[in-house]
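Worksheet: the structure to be examined is printed underneath.
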Amino acid sequence: MGRKILYQDAINEALDQEMARDDSVIVMGEDVVGGTGASGEMDAWGGVLGVTKGLYGKYGNRIMDSPISESALVGAAVGAAATGMRPVCELMFIDFMGVCFDQIYNQAAKFRYMFGGKATTPVVIRTMYGAGFRAAAQHSQCLYNIFTHVPGLKVVMPSSPYDAKGLLIQAIRDDDPVIFCEHKALYATEGDVPEESYAIPFGEANIVREGDDVTIVALGRMVRFATKAAEALVADGINCEIVDPRTSSPLDEETILESVEATGRLVVVDESNPRCSMATDISSLVSQKGFSSLQAPIEMVTAPHTPVPFSGALEDLYIPSPDKIEAAVRKTAAYGN
Amino acid sequence: MSNTAITAITMPKWGLSMVEGKVIEWLVEENTTIAVGDEIMDIETEKIANTFEALDSGVLKRKVAEPDQSLPIGALLGVLAESNISDEDIDAFIKDFQANYTPPEIQEGEESETSYAWVEIDDYRIRYLRMGVDKRNIILIHGFGGDLDRWLFTQGPLSANASVYSLDLPGHGQSTKTIRDGSVAAMASLVTKFMDHVGIDHAHLVGHSLGGAIALQTTINDPDKVDALSLIATAGIGVEINGSYISGFVQAESRREIKPLLQQLVGDPSLINRNLIDDILKYKRLDGVTEALEIIATEFIDRDQQTIDFRNHLASLSIPVHVIWGSADQIIPASHAKNLPGNVNVDVLEGFGHLVQVEAAGEVNKLLQG
């Protein structure tokens, strides 16, 4: 039916279409032109993974390479947003956010609130997250939970090429700062993506799969793992419903609660560390507002409370796997039966 | 019954994109006698759930497919035979069928991509689909908020002895979303131009809902181009319309908003599955769609009233005119099918909703072919 493209090409297409539509959209980041620094480079590489490839040739100086100083880059983007531009700034790894946190949580996130609604900060910070690349503890984290904690920020985690394009377009058009988290392992995944522009509203969860036995809430890459587990569980007569919130802030509480109301059982899958995370957040939501629906304790499948190991064998054990999700579903499905 | 004493019931192919279907449940027991058109099984596809009606007659000797099983098109679902055929023969038939059956290869987009075509008409790029090759031409025109997929269960069967075209109206499906004139008159002139572009002089027009009004207007403008007119749950021949459905559909952004609206389209709300809701939301999220739908809606309705009326033209039409309605239509009431002039054939199907050509595909197809 539809046209299939890669997740990374869906991101490229969203940037391209929004830059064509709106002159105030600019892209800035380390190596987003191609890293050569030479003007007139038409076929530059376009970032470490080639996500912004081709945009420099089309939009010239609206694609800006920045020095390797994340604090300066993010500060400039936030400032540009406050003065009317719509910058999409790329921070290569989410792990580097530490050095630009004042710009993000004290400035960008606060402007609208502290200036009585008179200021908007339409900045998007695109960033890569996630383990699985033997890149060790400083290049593999899932820090989206930290941004979810901060009021004034919107946090997006697309799990498919379709969602990546529609959510990025929404992020660019949104008047608030958006942290746009792209999992490294998803860039090469493929899916149906319309050629036309479209925006997916924030706070609208996707029901990836319908089922009436157990609800699995999964985010980002974990949606694919949950789907794999759910497919394997069908053989044993366990039908899982998979809810992908798409955005951790705002969070579509209603869809999660409605699903648990129907199934009575919940497994939350979050690639991040287990404390103060989306896993604990969603668990607390359901135990507070959906307590009477629950027929079994909530299960959480997360990474352990340790840094991401460099050892390949340990890293594989660290990441929540389809097997672990399957085991958690079996456990909750068996409870009380 | 066909020539052989044993007949395979196989997974149907509903629409271009269908590669497999999921068995929801059997609606008949083994050893019951089945006639052509009997409902035998509920099947869910990527697009919608529907009831599969028997294409052959015989005794259902064996159920092969089980509920919840997903099977590719053409896969064996069950076996029909004359009552005197032995179990051994049935076993041999199944064994032979399964040994020779190969699921169709999924072409990476190729086959289905090339089947859609586009024409440039004025400023619009219009997507259409042609099925079948015959001297007779049929054009299928969808309604407000629909697209050519609304004819998923119609176009294939009709194409057995006709060239059948379905198109996406401007603002719909994959056609251009920027609309200058959303009036029924403008859409009708587009249908005429579409016929010129694809090179057909005359056709049987089949319109659903707003598409019916467009077909009627086309006929009034160019009576020589229209062989026959089939109007399904049509707009334009009565006053009442469910205005809150129309405005709700235009404004809805989420699954929670759109699901109860879509359920009003059918007599059996369980037909509205996750995939159909997702498809509609994906369409609604495209840039320009909300604006296009608003422009079109203001041209033919004002709150709960239609502002176009072709009822008085019906009596003067010299071609066959057939009005088909579902009695449980919650969008445009089936009462509009009453008291029509004598030259109009009327069929009201009991218990079905506005999307009667989807919900009662078998019966509607028979009426369209009859």
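The table for this structure:
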| item | result |
| --- | --- |
| Residue list for segment B:260-286, restricted to those being within 14 Å of chain A (Cβ to nearest Cβ), among the aliphatic types (A, V, I, L, M) and within 20 Å of B:I332 (Cα to Cα) | B:I272 |
| Tally of residues being open to solvent by 20 Å² or more (accessible area, probe 1.4 Å), facing chain B (nearest Cβ under 10 Å) and in a loop (DSSP other than H, G, I, E, B) across segment A:204-221 | 1 |
| Residues of segment B:123-152 satisfying the condition of being under 15 Å from the mean Cα position of the chain (by Cα), open to solvent by 10 Å² or more (accessible area, probe 1.4 Å) and farther than 26 Å from A:S197 by Cβ | B:R130, B:M131, B:L152 |
| Counted residues, segment B:276-295 - those being closer than 21 Å to B:D181 by Cα and open to solvent by less than 10 Å² (accessible area, probe 1.4 Å) | 3 |
| Residue check, B:E291 farther than 25 Å from B:P223 by Cα and part of a helix (DSSP H, G or I) | yes |
| Residue that is nearest to the other protein chains (Cβ to nearest Cβ) [pool: residues in segment B:73-88 that are touching a strand residue (DSSP E or B) at 6+ places or on another chain (Cβ under 7 Å) and at pLDDT 90 or above] | B:A75 |
| Every residue from segment A:67-79 that is in a helix (DSSP H, G or I) and open to solvent by 20 Å² or more (accessible area, probe 1.4 Å) | A:E70, A:S71, A:A72, A:G75, A:A76, A:G79 |
| Qualifying positions in segment A:177-200 - at the interface with chain B (Cβ under 8 Å from one of its Cβ atoms) and within 14 Å of the chain's Cα centre (by Cα) | A:I200 |
| Residue list for segment B:296-312, filter: surrounded by fewer than 15 Cβ atoms within 10 Å (Cβ to Cβ) and part of a helix (DSSP H, G or I) | B:T298, B:N312 |
| Residues of segment A:14-46 that turn out to be farther than 25 Å from A:G84 by Cβ and modelled with pLDDT of 95 or more, as a count | 0 |
| Segment A:155-204, subset basic (K, R) and touching a Phe, Trp or Tyr at 6+ places or on another chain (Cβ under 8 Å), residue farthest from A:E253 (Cα to Cα) | A:K184 |
| Condition broken by B:R256, with the remaining ones in (1) under 20 Å from B:D147 (Cα atoms); (2) surrounded by fewer than 18 Cβ atoms within 10 Å (Cβ to Cβ); (3) within 12 Å of another protein chain (Cβ to nearest Cβ) satisfied | (1) |
| Residues of segment B:211-253 that turn out to be surrounded by 24 or more Cβ atoms within 10 Å (Cβ to Cβ) and either at pLDDT below 95 or in contact with a Gly (Cβ under 7 Å, 6 or more places away or on another chain) (or both), as a count | 12 |
| Test: residue in segment A:135-151 that is open to solvent by 60 Å² or more (accessible area, probe 1.4 Å) and in a helix (DSSP H, G or I) | yes |
| Test: residue in segment A:114-133 that is within 14 Å of chain B (Cβ to nearest Cβ), within 30 Å of A:A313 (Cα to Cα), part of a loop (DSSP other than H, G, I, E, B) and not β-branched (V, I, T) | no |
| Filtered residue count, segment A:183-195, keeping only those that are touching a strand residue (DSSP E or B) at 6+ places or on another chain (Cβ under 7 Å) and open to solvent by 60 Å² or more (accessible area, probe 1.4 Å) | 2 |
| Pairs with Cβ under 7 Å, 6+ apart, first in segment A:310-328 and of a type in the set (S, T, Y), second assigned to a helix (DSSP H, G or I) | A:S321/A:F225 |
| Subset of segment A:283-337 [under 17 Å from A:S259 (Cβ atoms) and among the acidic types (D, E)] | A:E299 |
| Verdict on B:E29 being over 22 Å from A:N239 (Cβ atoms), among the charged types (D, E, K, R) and modelled with pLDDT under 90 | no |
| Some residue of segment B:171-181 being among the hydrophobic types (A, V, I, L, M, F, W, C), in contact (Cβ under 8 Å) with a residue 12 or more places away in the chain and open to solvent by less than 10 Å² (accessible area, probe 1.4 Å) | no |
| Identity of the residue in segment B:145-174, of a type in the set (G, A, S) and not in a loop (DSSP other than H, G, I, E, B), that ends up nearest to B:Q251 (Cα to Cα) | B:S166 |
| Test: A:V99 is closer than 18 Å to A:L168 by Cα and either touching a residue at least 24 places away in the same chain (Cβ under 8 Å) or in the same structural domain as A:L15 (by TED's automatic domain parsing) (or both) | no |
| Some residue of segment A:82-98 being open to solvent by 20 Å² or more (accessible area, probe 1.4 Å), modelled with pLDDT of 95 or more, assigned to a helix (DSSP H, G or I) and farther than 28 Å from A:E271 by Cα | yes |
| Strands (runs of 3 or more DSSP E) contained entirely in segment B:2-86, each with at least 1 residues that are buried (at least 20 other Cβ atoms within 10 Å of the Cβ) | B:6-10, B:20-26, B:39-44, B:49-53, B:58-63, B:76-81 |
| Flag if A:L168 is within 14 Å of chain B (Cβ to nearest Cβ), in contact (Cβ under 8 Å) with a residue 40 or more places away in the chain and open to solvent by less than 10 Å² (accessible area, probe 1.4 Å) | yes |
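The values are calculated or read from the model by the stated rules, or taken from the named source; none is laboratory data. From a predicted model like this one, the values you see are computed outputs, not experimental measurements. Neighbour counts run over all protein chains shown; Cβ positions are idealised from the backbone, glycine included. Keep in mind that these areas ignore ligands, DNA and RNA; they rest on the heavy atoms of the full protein, side chains included. Shrake-Rupley method; radii C 1.70, N 1.55, O 1.52, S 1.80 Å.
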